[in-house]
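Written out below as structure tokens is the structure these notes cover.
The values are calculated or read from the model by the stated rules, or taken from the named source; none is laboratory data. As the structure is a computational prediction, the values presented were derived from the model and not from experiment. Every residue, glycine among them, receives a Cβ derived from its backbone with ideal geometry; neighbour counts consider all protein chains shown.
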Amino acid sequence: MSPNLIALLYLASGVLFILALRGLSSPETSRTGNYLGMSGMAIAIATTLAIAAPSQITTWLIILLGFAIGGTIGTVIARSIPMTAMPQLVAAFHSLVGLAAVLVAAAALNAPQAFSIGEPGAIAMASLIEMSLGVAIGAITFTGSVVAFTKLQGLVSGRPVVFPLQHALNALLGVALVVLIVWFASSESHSAFWLLTIVSFVLGVLIIIPIGGADMPVVISMLNSYSGWAAAGIGFTLGNEALIITGALVGSSGAILSYIMCKGMNRSFFSVILGGFGGETAAAAGAVDDRPVKQGSAEDAAFIMKNASRVIIVPGYGMAVAQAQHALREMGDELKAAGVDVAYAIHPVAGRMPGHMNVLLAEANVSYDEVFELEDINNDFPQADVVYVIGANDVTNPAALEDPSSPIFGMPVLEVWKAGTVMFNKRSLASGYAGIDNSLFYRDNTMMLFGDAKKMTEQIVKSL
Amino acid sequence: MTHRFYPRAIGWAVMAALLLTLAFPETAFAAADIETDPFVTRFSMFVMAIFVGYYVVWSVTPALHTPLMSVTNAISSVIVVGALLAVGIEGASLFEGSANGTAKTFGFIALVVAAVNIFGGFLVTQRMLAMYKRKERD
């Protein structure tokens, strides 16, 4: 194959990846988009195998073996993973992209002739710089995602880990990283390469541990972006168009998602990264109020909802934890059968990753045209008779609009209190992740439904 | 929606990169003066792809942000092309101590890891997208 044809084939595969993302602009086109992405991948793999066709049968067998092992693991995971575990799965996948970037860079350093970037000991400096950037970002993505995974999976506490001189240590490691990159790029020293990798591994852990569980949507998006930049760095080393285009796409995708998530929390990107926020410790310390709350039963809730003409459901992370999405959809169906208009309102940072709630509702067979984003539904609350808040808290807190001293002041919230009745399904009166009391609990038109989200919703369904 | 921040940030990043390239031309332009260095062509492609990505991703509906992340995982794994080049090294076997053998071994592990992501990423995206349904109107 001529080099031009090869470049064009990689370009085609890059364009197919763009179309795969373009397809996601609506659920109808998204499925076709996914197939276009798969064909892009097939083209890239076939092209590579054609240009570097191994002559030995054993090499082909090794390649087949690699695909078989990885493909089987991937397929089994993709088929069996519960939708509620999607955030940790995505974090795990990010870590694999980072790991692959490190491994490919290490391979390129050992056998540069196979990648057409020179001979061992005589790799062009430009390639070394690209390689070092790829390996540094890849290594940070790898360990950072592993930490994010363990937090999301509940293997370690979601609480932020903060210690003295943390920022100083990070800054020091950052400087060390730059020095090592310069050393490596000027000497092609293997020791410099591995030191660089180790420092990046450590930095990846240190960047993610101070960030609390509730800030995970930002972390996951950020690591998504990193995995893209790592891929692009390796793409420059290999001179591969498909990899460069993909890296740029994924990098900007993750950056945009991080931006949307930060905006959803009204926090600057840096305040999230610097961490220390989102601890569950603060919640326990929150003032226990003696103010009276109105408590209701499932029967009361069912009665009020059945007689409403419009009900808006606001799901949050608690719904995912309790796996209440199916019970919730049954409740919605019962209400619709009783002639009630039902809609779902989703806050951008509800759950542990962007779009988390939408996937869970889709899994429970909720039609996506009943599910609305914050901007689209916020004006409808005054017309709603009942709002059913299930497992959400801070995203409905009026303090964000009314109390300038509140830590969440300025954060966009779902204005549920404008509805006729607000029903809060919570396990207790405890405050949310931000550790802020929600004054909504004590209002006259609020009814608290204490209990597990799934059990409570099931009881309401029974009473309907 | 106000999202003017990113084009500006990208613009500055591009300008900074261009200035760096002009300041250290010997690293970027290793080849002759007359022809464009392949790096410049690839860098142009990279910058354009960032802009394409910017506009394409803003048009993704928020309801599909989770599939967006899983499909980006899948496509990032096109890094498998690097793994294939390393595995394809001839005259060395896996787990051999030589430089080529080491490269081949790293390549093999990278191949397995990337294959997990390719299959896992596309299939889990497909599984999610199949769930997004509109209610049948009669």
> Which condition does residue A:25 not pass, out of (1) facing another protein chain (nearest Cβ under 8 Å); (2) under 17 Å from residue B:74 (Cα atoms), if it passes all the others?
Replying inline: (2)
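From A:333, A:380, A:341, A:385, which residue is free of Cβ contacts under 8 Å to residues at least 24 places away in the same chain and charged (D, E, K, R)? Working first, answer last.
Details: A:380 fails: free of Cβ contacts under 8 Å to residues at least 24 places away in the same chain; A:341 fails: free of Cβ contacts under 8 Å to residues at least 24 places away in the same chain; A:385 fails: free of Cβ contacts under 8 Å to residues at least 24 places away in the same chain.
It is A:333.
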>> For the stretch A:216-231: of the residues being aliphatic (A, V, I, L, M) and without any contact (Cβ under 8 Å) to a residue 60 or more places away in the chain, which is farthest from residue A:137 (Cα to Cα)?
In response: A:218
> List the pairs whose first member sits in the stretch A:144-156 and is charged (D, E, K, R), whose second member is part of a helix (DSSP H, G or I), and whose Cβ atoms are under 8 Å apart, counting only residues at least 6 apart or on separate chains?
Replying inline: A:151/A:208; A:151/A:213; A:151/A:216
>> Can you list residue pairs whose Cβ atoms sit under 9 Å apart, with the first residue in the stretch B:69-95 being farther than 17 Å from residue A:239 by Cβ and the second being crowded, with 24+ Cβ neighbours inside 10 Å and of a type in the set (D, E, K, R)? Count only pairs 6 or more apart in sequence or on different chains.
In response: B:87/B:104; B:89/B:104; B:92/B:104; B:93/B:104; B:94/B:104; B:95/B:104
> If you go through the stretch A:77-84 one residue at a time, do you hit one that is exposed (fewer than 13 other Cβ atoms within 10 Å of the Cβ), assigned to a helix (DSSP H, G or I) and either within 8 Å of another protein chain (Cβ to nearest Cβ) or of a type in the set (S, T, N, Q) (or both)?
Replying inline: yes
> Taking interchain pairs and intrachain pairs at least six residues apart, which have beta carbon atoms under 8 angstrom, with the first residue in the stretch A:357-372 and at positive phi and surrounded by fewer than 24 Cβ atoms within 10 Å (Cβ to Cβ) and the second of a type outside the set (Ser, Thr, Tyr) and assigned to a helix (DSSP H, G or I)?
Replying inline: A:365/A:329; A:365/B:131
>> Please verify whether residue A:422 is away from chain B (no Cβ under 14 Å), modelled with pLDDT of 90 or more and either in a loop (DSSP other than H, G, I, E, B) or within 16 Å of residue A:349 (Cα to Cα) (or both), treating the condition exactly as stated.
In response: no
> Do you know which of the residues in the stretch A:378-406 that are hydrophobic (A, V, I, L, M, F, W, C), touching a Leu at 6+ places or on another chain (Cβ under 8 Å) and in a helix (DSSP H, G or I) is farthest from residue A:439 (Cα to Cα)?
Replying inline: A:381
> Would you pick out the residues in the stretch A:39-58 that are closer than 19 Å to residue A:18 by Cβ, of a type outside the set (A, V, I, L, M) and buried (at least 21 other Cβ atoms within 10 Å of the Cβ)?
Replying inline: A:40, A:47
> Applying the selection to the stretch B:34-72, what residues are more than 25 Å from residue A:74 (Cβ to Cβ), at the interface with chain A (Cβ under 7 Å from one of its Cβ atoms) and polar (S, T, N, Q)?
Replying inline: B:59, B:61
> How many residues are crowded, with 24+ Cβ neighbours inside 10 Å and farther than 14 Å from residue A:366 by Cα when one looks only at the stretch A:318-342?
Replying inline: 2
> Does residue A:291 fit the bill of being in a helix (DSSP H, G or I) and basic (Lys, Arg)?
Replying inline: no
> Somewhere in the stretch A:170-185, is a residue within 14 Å of chain B (Cβ to nearest Cβ), under 30 Å from residue A:42 (Cα atoms) and in a helix (DSSP H, G or I)?
Replying inline: no
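Residues checked against (1) of a type in the set (Val, Ile, Thr); (2) modelled with pLDDT under 90; (3) within 24 Å of residue A:221 (Cα to Cα):
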position: A:280; (1), (2), (3): no, yes, yes
position: A:305; (1), (2), (3): no, no, no
position: A:333; (1), (2), (3): no, no, no
position: A:359; (1), (2), (3): yes, no, yes
position: A:367; (1), (2), (3): no, no, no
position: A:377; (1), (2), (3): yes, no, no
position: A:381; (1), (2), (3): no, no, no
>> Just the residues that are within 16 Å of residue B:72 (Cβ to Cβ) and over 15 Å from the mean Cα position of the chain (by Cα), please, taken from the stretch A:78-95.
In response: A:78
> Does residue A:145 fit the bill of being polar (S, T, N, Q) and part of a helix (DSSP H, G or I)?
Replying inline: yes
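Please tell me if residue A:369 is out of contact with any strand residue (DSSP E or B) (no Cβ under 6 Å at 6 or more places or on another chain) and within 14 Å of chain B (Cβ to nearest Cβ).
Criteria met by residue A:369.
When the residues of the stretch A:237-246 are narrowed to those that are crowded, with 24+ Cβ neighbours inside 10 Å and at the interface with chain B (Cβ under 7 Å from one of its Cβ atoms), which ends up nearest to residue B:68 (Cα to Cα)? Reasoning before the result, please.
Of all residues in the stretch A:237-246, those crowded, with 24+ Cβ neighbours inside 10 Å come to A:237-238, A:240-246.
Remaining after also requiring at the interface with chain B (Cβ under 7 Å from one of its Cβ atoms): A:238, A:240-246.
Numbers: A:238: 26, A:240: 23, A:241: 21, A:242: 18, A:243: 18, A:244: 19, A:245: 16, A:246: 13 Å.
Residue satisfying both the conditions and the ranking: A:246.
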>> Quick check on my filter: what residues within the stretch A:194-217 are within 13 Å of another protein chain (Cβ to nearest Cβ) and crowded, with 23+ Cβ neighbours inside 10 Å?
In response: A:216, A:217
> If you scan the stretch A:4-28, which residues turn out to be surrounded by 16 or more Cβ atoms within 10 Å (Cβ to Cβ) and among the hydroxyl-bearing types (Ser, Thr, Tyr)?
Replying inline: A:10, A:13, A:25
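Considering the stretch A:53-77 alone, what residues qualify as being in contact (Cβ under 8 Å) with a residue 12 or more places away in the chain and more than 23 Å from the chain's Cα centre (by Cα)?
Selection gives A:63 alone.
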